[in-house]
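Here is the structure we will look at.
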Amino acid sequence: MKNERLLTLAIETSCDETAAAVLRGGRTALSNVIASQIDIHRVYGGVVPEIASRCHLEQVNAVVDRALADAGIRFGDVDLIGVTQGPGLVGALLVGLATAKAYALALNKPIVGVHHIKAHICAAYIEHATLKPPFLALVVSGGHTDLVRVCGYNAYTVLGRTRDDAAGEAFDKAARALGLPYPGGPAIDHAARDGNPGAVVFKRALLEKDSLDFSFSGVKTGVRNHLNTEKQAGRSVNIADIAASFQQSVVEVIVAKTVRAAERCGETKVVMAGGVAANSRLRAALEEACRERGLCLYRPSPPLCTDNAAMVGAAAYFKYAEQGADGLDLDAFPNLPL
Ligand code: KG4
Ligand code: ZN
């Protein structure tokens, strides 16, 4: 039974953001606090799992306190605890799970484990009050590139996925090759604004005719090969042009497959989700493609696309409403399937 006034305390620690949020019902975020570790991991050029776990441990209780304070509630007001149980870094996930279980036990409240990618999709419910399944979701994050048919609040069918690198991973690796800082996605997005997207033509991996799968390792290698060729020829490179050209090739493939998936399964609503959904070029290109075909695009604002706990609260609410609570034996699953 849905309860629009249910207060959920949500915790997210699957990667490098320690996050907590309070939701009223499944769509109203009363607070959404994020302690980012990006500055700590940047010197290593990527997330160091051991450091991530330690930082979560140091931050998580203070982040939860802030989330409650920002929402103007106390521990005693919380009705439900939601927490990410996978996929993600196992040590990082365990910190969030242990914390959530401790609160659930101490407060004698139900706990719900949430799938991180389903949570990314549920982020769209927060800013789009009327959005209801069915719809097609494009999930583009650091670890996933999936086209998902969402037939109910807890009914997900994967139509296509990446066969190698995830979109975010490709952005991060291409950025590293270009000497841009971690995380590479925002750095490429920024650099590309001054570049010519047609300067270098990287291969668009559309795979077999009609395939809804993705492959991004080729375009990432294409960037590396281009840089090597230019270096060997003694030519200087324009980083903005390469960033824009790389971004354009990734965006074109994602847009083409998303539109193809929506048309194939007859969905007229398309939801963007995951960190790469914050990309300005992808947002603009998918908006245009959807408009041309009469599809309605739902784009959460960038802070709700990248990792946050409000999305975990939304997913926890809709899971609890249909499936009830989990036990305190809830475990972490680094490779939890959709
Ligand atoms: O969803 P997310 O925050 O974490 C995961 O679940 O992986 O996604 C992180 C990924 C990183 O690869 C990051 O480089 C990418 O999202 N990203 C972007 C942008 N902002 C974040 N990629 C392209 N353009 C952006 N503006
Ligand atoms: Zn994520």
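222 nm [θ] for the chain, helices only, -39500 (n - 2.57) per DSSP H run of 4+, per residue, to 500?
Values: 11 runs with 153 residues, N = 338.
It comes out at -14500 deg cm²/dmol, rounded to the nearest 500.
What part of the accessible area of the chain, given as a whole %, is carbon or sulfur when the probe is 1.4 angstrom?
Values: 7160 of 14100 Å².
Using a 1.4 Å probe with all protein chains present, the chain comes out at 51 percent carbon and sulfur.
Mind checking the per residue accessible area of the stretch 9-48 for me, 1.4 Å probe, whole number of Å²?
It amounts to 33 Å² per residue over the stretch 9-48.
In Å, what Kirkwood hydrodynamic radius results for the chain from the alpha-carbon pair distances? Let's see the in-between values first.
Numbers: mean 1/r = 0.0492 Å⁻¹.
It works out to 20.3 Å.
Could you sort the peptides 164-171, 80-87, 320-327, 297-304 by per-residue average Cβ neighbour count (10 Å cutoff), highest mean leading? Working shown, then result.
Details: 164-171: 24.5, 80-87: 26.6, 320-327: 15.5, 297-304: 18.2.
Answer by packing, highest mean first, reads 80-87, 164-171, 297-304, 320-327.
For the chain, what is the charge dipole size about the Cα centre, in debye to the nearest 20, if Lys and Arg each add +1 at the Cβ and Asp and Glu each add -1 at the Cβ? Write out the running numbers ahead of the final one.
Values: 35 positive and 35 negative charges, 128 e Å.
Once rounded to the nearest 20, the dipole reads 620 debye.
Among the aspartates and glutamates, which fall within straight-line cross-link reach of Lys132, defined as a Cα-Cα distance under 17 Å, with same-chain neighbours fewer than 8 residues apart omitted?
Those aspartates and glutamates meeting the cut-off are Glu4, Glu267, Glu322.
List the residues whose amide H sits under 5 Å from the amide H of Thr84, counting only those 5 or more places along or on another chain, with H placed 1.01 Å from N in the peptide plane.
Distant-sequence amide H within range of Thr84: Ile11, Thr13, Val114.
What is the local net charge at Ala167, summed over the other residues whose Cβ is closer than 13 Å to its Cβ (Lys, Arg +1; Asp, Glu -1)?
Details: positive: Arg161, Arg163, Lys173, Lys220, Lys257, Arg281; negative: Asp146, Asp164, Asp165, Glu169, Asp172, Asp189, Asp213, Glu252.
Net local charge, Ala167 excluded: -2.
If packing is taken as the mean number of other Cβ atoms within 10 Å per residue, what is the order of 200-209, 265-274, highest first? Can you show the working numbers first?
Working: 200-209: 14.0, 265-274: 21.5.
In descending order of packing, they fall as 265-274, 200-209.
Quick check on the chain: of the DSSP beta bridges with both residues there, what percent are antiparallel, nearest 5%? The partial results should precede the final answer.
Values: 27 of 44 bridges.
Close to 60 percent.
How long, wide and thick is the stretch 135-300, going by the Cα atoms along their three principal axes, in whole angstroms, largest first?
Ordered largest first, the stretch 135-300 gives principal extents of 55, 27, 27 Å.
Heavy atoms only, probe 1.4 angstrom, no DNA, RNA or ligands counted: give me Glu252, Glu12, Glu230 ranked by accessible area, highest first.
On the way: Glu252 80, Glu12 0, Glu230 30 Å².
Accessible-area ranking of Glu252, Glu12, Glu230, largest first: Glu252, Glu230, Glu12.
For a 22 Å ceiling on Cα separation, which of these pairs sit above it: Lys203/Lys269; Lys209/Lys269; Lys118/Lys257; Lys101/Lys319; Lys203/Lys231? Working shown, then result.
Details: Lys203/Lys269 29 Å; Lys209/Lys269 24 Å; Lys118/Lys257 20 Å; Lys101/Lys319 17 Å; Lys203/Lys231 20 Å.
Beyond 22 Å: Lys203/Lys269; Lys209/Lys269.
Roll a 1.4 Å probe over the protein chains and send me the accessible area per residue for the stretch 135-300 in Å².
Numbers: 6970 Å² over 166 residues.
For the stretch 135-300, the solvent-accessible area averages 42 Å² per residue.
The values are calculated or read from the model by the stated rules, or taken from the named source; none is laboratory data. Because the structure is a prediction, the values reported are computed rather than measured. Backbone-built Cβ (ideal geometry, glycine too); neighbour counts: all protein chains shown. Surface accessibility is based on the protein's heavy atoms, side chains included, excluding ligands, DNA and RNA. Shrake-Rupley method; radii C 1.70, N 1.55, O 1.52, S 1.80 Å.
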